[in-house]
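Trainee: Mind having a look at this structure? Questions to follow.
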Amino acid sequence: MRRFHLGFFPLLLTLLLPAAAAAQTGDKVLWYVGNDGYDDYGITALETALLGAGASAVDWETTWPGDLTDYRIASLYVSGTSYDAGQLTDIQTFVDGGGLLLVVVEHANFAPAALAVQNAVLDHLGLGSDFLGANFGCGCGNVGPTESGYAFTDGVAALTYSCSSNVDLDPSAELLASGAAAEVLLALEGNVLLSTDGNLWNDGCAQVADNADFFANLFGGWCDMDQDGSLKGLCGGDDCDDGDPAAYPGTWYLDGDGDGHGDPGISVDTCPVPADHVATGDDCDDADPDRYPG
């Protein structure tokens, strides 16, 4: 008669269950210029702004680090050689874990190779946006207006850049900034920020106040994209939906009569707000919509 140790069954169950996606836990920023990336640019202004916003380190790497869990932001900067299967798996895990992936192209230096490499990353992640190949108005000092209402562009009216281009944006993507000829300069699709100008980030073109404010927003803004004051788990918060400013943890009171005032004796602590509940528990009669404070 064959005997099994009881410890075998939990082990078997562990092996059969799908692995949970690793969550990002770090606050570092990766600036990756490997895969034949363009590493001649300095990023002093970018690094200063990110460190000032709370990043513990900004790592300029030419060798792929592998484990990306220490990073809140990871940039793939103007790569000219395709990413291998292991790198793509690391990138997918990073995005699934809540990290912000920045994908940068620089048409003047790596077209069309950079477009193909970076678009392959977007395709692997299942994104619908694609970088296109034309460039406009090259030369530091171009000014691109930003779109308001976004955490990344809060307090930033325009960005200084050099050569921008265009992006075939997926309908789900959000335009954050456009170039002088109305082409796409920055766009966000899911956890991926698309940038069509490497010069936007480097010391030669980025030594201006608005760009520095934007760089700082990348680090802090990613923690509270819906700007509801509640941080996402990546940043140590407990926001249940960082894409919905009405979905945040709190105490909610039953509003049985629908007058906007909740019953102070019936509440629940949850996230997001449940149906027929409100944030104010001061109703004097929750069975009568005509009776409430004031």
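The values are calculated or read from the model by the stated rules, or taken from the named source; none is laboratory data. Because the structure is predicted, anything quoted here is derived from the model rather than measured. Methodologically, a virtual Cβ is constructed for each residue, glycine included, from the backbone with ideal geometry; neighbour enumeration extends over all protein chains shown. Quick note on the areas: whole protein, heavy atoms, side chains included, nothing else; ligands and nucleic acids left out. Shrake-Rupley method; radii C 1.70, N 1.55, O 1.52, S 1.80 Å.
Trainee: Under the classification rounded if a/c is under 1.5, otherwise prolate if a/b is larger than b/c and oblate if not, where does the stretch 123-200 fall, given a ≥ b ≥ c as square roots of the Cα gyration tensor eigenvalues? Could you put the intermediate results ahead of the total?
Mentor: Working: a/c = 2.14, a/b = 1.23, b/c = 1.74.
Oblate, because a/c is 1.5 or more while a/b does not exceed b/c.
Trainee: Give me, ordered by chain and number, the residues 5 or more places off Leu193 or on other chains with an amide H under 5 Å from its own placed amide H.
Mentor: Leu101, Leu102, Val103
Trainee: Which one of Gly144, Ala74, Thr63 has its Cα pushed farthest toward the positive end of the charge dipole of the stretch 44-156, where Lys and Arg give +1 and Asp and Glu give -1 at the Cβ?
Mentor: Looking along the dipole axis, the top candidate is Gly144.
Trainee: Continuing with the same structure: Hey, quick one: spin label on Ala116, modelled 7 Å out along Cα-Cβ, who in the stretch 66-84 has an amide N within reach, i.e. under 17 Å?
Mentor: 78-84
Trainee: Through the Karplus equation 6.51 cos²θ - 1.76 cosθ + 1.60, θ set to phi - 60°, convert the phi angles of the stretch 59-71 into ³J(HN,Hα) values in whole Hz; use x for Gly and Pro.
Mentor: Using θ = phi - 60°, the values come out as 9, 8, 10, 9, 10, 4, x, x, 6, 9, 5, 7, 10 Hz.
Trainee: When all protein chains stay in place, what accessible area (Å², nearest 10, 1.4 Å probe) is found for Thr69?
Mentor: 30
Trainee: Moving to a separate point now. For Ile266 and Ser172 in the same chain, what is the full-extension length gain: residue separation times 0.36 nm, less their Cα-Cα distance, in nm?
Mentor: Details: separation 94, 0.36 × 94 = 33.84 nm, distance 3.89 nm.
Full extension of this stretch gives 30.0 nm more.
Trainee: Related question: Name the residues whose placed amide hydrogens come within less than 5 Å of the amide hydrogen of Val167, ignoring near sequence neighbours (fewer than 5 apart) on the same chain.
Mentor: Placed amide hydrogens put Leu132, Val184 under 5 Å from Val167.
Trainee: Mind running the shape call on the stretch 28-158? Use the C-alpha gyration tensor, a ≥ b ≥ c as the square roots of the eigenvalues: rounded below 1.5 for a/c, prolate if a/b tops b/c, oblate otherwise. Working shown, then result.
Mentor: Working: a/c = 1.39, a/b = 1.08, b/c = 1.29.
Verdict is rounded for the stretch 28-158.
Trainee: Label points 7 Å out from Cα along the Cβ direction at Thr44 and Asp285: separation in nm?
Mentor: So the two model labels end up 7.2 nm from each other.
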